[in-house]
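Novice: Just dropping this structure here.
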């Protein structure tokens, strides 16, 4: 009986060595956001790109609107242990609104409005380049205003048969 017990213990050793090196929680869907926790000092790569890992071992990554159906996450610890996870990303259905019979001014923005759009998109692009050690993602999201949700991430309008850029935010009618 003792020999059987020792044999069972020895068989369980590889299982404990296969423990995951990071915990992940979030939405594994197009447009989703995932937060992770691993050992401090670990290196994390999402589809080959380095992900910032905080001093406490926390990290965050997301999937774009039309992200493919799979991704690879690599975790490398200081002690040499490594883990590769192949992630499955669910397809998301987005609302598409078709509007016809609109006057051209409602379909194609004028020069002044187009300049504003370019300026705002430039500011958004600049902000997205900021790589900060702050862990603001841990505090959750706060609504900027109370009101009806008037624009949803990923939704798209087709105006007079011209597909417009998908929406990459969340709008609140305040």
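None of the figures in this text is laboratory data; all of them are computed from the coordinates on show. No experiment lies behind these values; they were computed from the predicted model shown. Methodologically, a virtual Cβ is constructed for each residue, glycine included, from the backbone with ideal geometry; neighbour enumeration extends over all protein chains shown.
Novice: So what's the back-of-envelope 222 nm ellipticity for the chain, counting only DSSP H runs of four-plus at -39500 (n - 2.57) apiece and dividing by all residues, rounded to 500?
Specialist: Only helices count here, giving -7000 deg cm²/dmol.
Novice: Based on Cα positions only, what radius of gyration and what Dmax would you give for the chain, in angstroms?
Specialist: Looking at the chain, its Cα Rg and Dmax stand at 22.9, 86 Å.
Novice: In whole percent, what relative contact order does segment 96-173 give with Cα contacts below 8 Å and a gap of six or more residues?
Specialist: Answer for segment 96-173 is 42 percent.
Novice: Report Rg (one decimal) and Dmax (nearest whole number) for segment 34-106, counting Cα atoms only, units Å.
Specialist: Over segment 34-106's Cα set, Rg and Dmax evaluate to 18.8, 64 Å.
Novice: Which order, highest average first, do 148-160, 33-45 follow once you tally other Cβ atoms within 10 Å for each residue and take the mean per peptide?
Specialist: Ranking the peptides 148-160, 33-45 by packing returns 33-45, 148-160.
Novice: What FRET efficiency comes out for residue 136 versus residue 158 if R0 is 35 angstrom and r is the Cβ-Cβ distance? Round to the nearest 0.05. Walk me through the numbers on the way to the answer.
Specialist: On the way: r = 35 Å, r/R0 = 1.01.
My answer for the efficiency is 0.50.
Novice: How much length, in nm to one decimal, is gained on full extension between residue 47 and residue 172, taken as 0.36 nm per residue of separation minus their Cα-Cα distance?
Specialist: 41.7 nm
Novice: Let me test this: with uniform point scatterers at the alpha carbons of segment 96-173, what is the Debye-based log₁₀ I(q)/I(0) at q = 0.16, 0.20 1/Å?
Specialist: Per q value, in the given order, log10 I(q)/I(0) is -0.87, -1.17.
Novice: Can you pull the one-decimal nm distance between simple spin-label points at residue 37 and residue 55, each 7 Å off the Cα toward Cβ?
Specialist: With each label placed 7 Å out from Cα toward Cβ, I get 1.9 nm.
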